[in-house]
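None of the figures in this text is laboratory data; all of them are computed from the coordinates on show. Model, not experiment: these values are computed from the prediction. Here the Cβ is made from the backbone with ideal geometry for all residues, glycine too, and neighbour counts use every protein chain on show.
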Amino acid sequence: MGLFYERIIRPQLFRQDAEHAHESAVKALARLGRLGPVCRALQAWAQLPAAQFRPVEAFGLKFPNAVGLAAGFDKNATAWPAVAALGFGHVEAGTITARAQPGNEKPRVFRYPAEEAVINRMGFNNDGAAVVARRLNTMPGAGRRRIPLGINLGKSKAALPHEAVADYLDSFAQLADHADYVVLNVSSPNTPGLRALQDEKPLRELLGAVTAARRDRAGTPGGRRVPVLLKIAPELTWPQIDAVLGVIAEFGLDGIIATNTTLARPGFFSTVNQAGGLSGAPLRRRATEIISYILRATGGRLPVIGVGGITDAASAGEKLDAGAVLVQVYTGMIFRGPFFARDLARALADRQRLQ
């Protein structure tokens, strides 16, 4: 299946504008999700047999396999019902902001096939929390899905720095009840000032406010404690990561996602004049280093989702060996095809059984 995609389908897709091809893929999956019997049949083929493979358990949830679809693909939570049919064990919708926004000026997505990499400067284009919440209200809810649904929250571009916490709280209030887990994205390079929220003081303010809101919601009749994770940037230094981990421990977050895209331009990309976050194979080493550092710094107590440069079973297994409990892919799927997750999940499961 992978070779057929790479030799026949991918050349046709890559003749299209990158963002147009992405939108077409999202629309196709949204249509597939509405075809219940077809979707379930494809899922039966794509997913690991439950009788042979144990689910992965993390932050109080069960995942049928270790491979998830990273935020950035299903920005508006329209395609996720069909993602299990591609073999993914979880999906993360978003990034979603409190206010609807168009994102940055186009073109804003650029493929580099020889490097198995992408540069994007999308800028959190999405329908806004209220619209996404209404959409999710018509779909299966938390705990009633084939695979867990994470919801990735970011800051609205129009929100001033002193409004950032209120902006996240607005999104959290509207979307937390629909999520199996929530991710606070403070690390995208494409929203001005966003990464400053990783600094210790603003991060403490943000995490304190969100975890207080979570506690209040869990205390209401029928309320539940939704897991909250933080997504960090690969440019953080070791002392900065130490500070982030300290704040995470202080407020009892459930996990961390390492890492987002990078502003670094290693090797071939030193001469590429495109602004935005670089993802794909060039990020592999740095993301793995950070995962390994977090494992050592926390004694393995903080669950890590590993993201960055996963293009095959070896690069995914490297993240698990470094300490990740789950991995996520997106750029790798662009180059390897829609059933990349199926092949990867099977390879990882077989690998772990042999260890």
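A rounded overall shape is assigned to the chain, the ratio a/c of its alpha-carbon gyration tensor axes (a ≥ b ≥ c) being less than 1.5. Rounded to whole numbers, the Karplus 3J(HN,Hα) couplings from phi for the range 37-43 are x, 5, 4, 5, 5, 5, 5 Hz, using 6.51 cos²θ - 1.76 cosθ + 1.60 with θ = phi - 60°, and x at Gly and Pro. For the range 2-354, averaging the sequence separation of C-alpha pairs within contact (under 8 Å, six or more residues apart) and dividing by the residue count gives a relative contact order of 18 percent. Applied to the range 63-77, the Karplus parametrisation 6.51 cos²θ - 1.76 cosθ + 1.60 on θ = phi - 60° returns per-residue 3J(HN,Hα) values of 10, x, 8, 8, 9, x, 8, 5, 4, x, 7, 9, 5, 10, 6 Hz, with x for Gly and Pro. Looking at the range 1-89, the trypsin sites (Lys or Arg not before Pro) that sit in a DSSP loop and have at most 12 other Cβ atoms within 10 Å of their own Cβ are Arg15, Arg34. In plain terms, the residue of His162, His20, His90 with the fewest other Cβ atoms within 10 Å comes first and the most crowded comes last, giving His162, His20, His90. Ranking Leu3, Leu348 by Cβ neighbours within 10 Å, fewest first, what do you get? Least to most surrounded, the residues fall as Leu3, Leu348. Couplings 3J(HN,Hα) of the range 137-153, computed from phi: 5, 9, 10, x, x, 4, x, 10, 10, 5, 9, x, 10, x, 10, 9, 10 Hz, in residue order, whole Hz [Karplus 6.51 cos²θ - 1.76 cosθ + 1.60, θ = phi - 60°; x for Gly and Pro].
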